1. Which of the residue pairs K11/K126; K11/K134; K88/K134; K92/K138; K106/K134 have a Cα-Cα distance greater than 25 Å in the structure shown?
2. Over the range 3-120, what is the mean sequence separation of C-alpha contacts under 8 Å (at least six apart), divided by residue count, expressed as relative contact order in percent?
3. At a Förster distance of 30 Å, what's the computed FRET efficiency of I136 paired with L56, Cβ-Cβ distance as r, to 0.05?
4. With the crude spin-label approximation of a point 7 Å out along Cα→Cβ, what separation in nm comes out for A64 versus A19?
5. Per-residue counts of other Cβ atoms within 10 Å, averaged by peptide: what ranking do you get for 101-110, 56-65, highest first?
Amino acid sequence: MSESRNVQLLKDYLDALQASDGETMASMLAPELQYWVSPGSAFSGTHDKAAILALLPSIFDAQAGPTKLTYREITAQDDRVSVVADGKMPLKSGGSYDQTYHWLFKFRDDKIVEILEYIDILAVWKAFGTPDQKAIAKAATESKTNAA
């Protein structure tokens, strides 16, 4: 499979994410999918396809509108595509979930077989954390703003 084909599949998958189209996302994931999220949040760890699909309705339900991704970098080599993107998801609870993602996708037979997701844990805590985590994230991000 060509690197350009994998880039197109990646964009199709992320388009479905932005459209809250779990059915299309599910169709693009291999049965043996392994999805890893960097440490520090309730979402962290390695998840299989069933666990990811079970999580999607909760994510989509938290949205006040569609997620918007802005791609910074997309790099493809062999069966892998790396993407750095900024995401903005308006929340029903108020505010938005603003995240910078670094994903590494691996493909086989036009399906996603592995995803590694590196995220800013403070952004997760700020939007979805416990009250203590939200306070820590707020203090940490305010100190960055005040120092600048």
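1. Working: K11/K126 27 Å; K11/K134 32 Å; K88/K134 18 Å; K92/K138 19 Å; K106/K134 33 Å.
From K11/K126; K11/K134; K88/K134; K92/K138; K106/K134, over 25 Å: K11/K126; K11/K134; K106/K134.
2. Working: 224 pairs, mean separation 32.1, N = 118.
It comes to 27 percent, rounded to a whole number.
3. Numbers: r = 27 Å, r/R0 = 0.91.
For R0 = 30 Å, the calculated efficiency reads 0.65.
4. 2.5
5. Working: 101-110: 16.3, 56-65: 13.2.
Per-residue Cβ counts within 10 Å, averaged per peptide and sorted highest first, yield 101-110, 56-65.
Just so you know, all these numbers are worked out from the coordinates, no wet-lab data involved. These numbers come from a predicted model, not from an experiment. With ideal geometry, Cβ positions are generated from the backbone for all residues, glycine too; neighbour counts draw on all protein chains shown.
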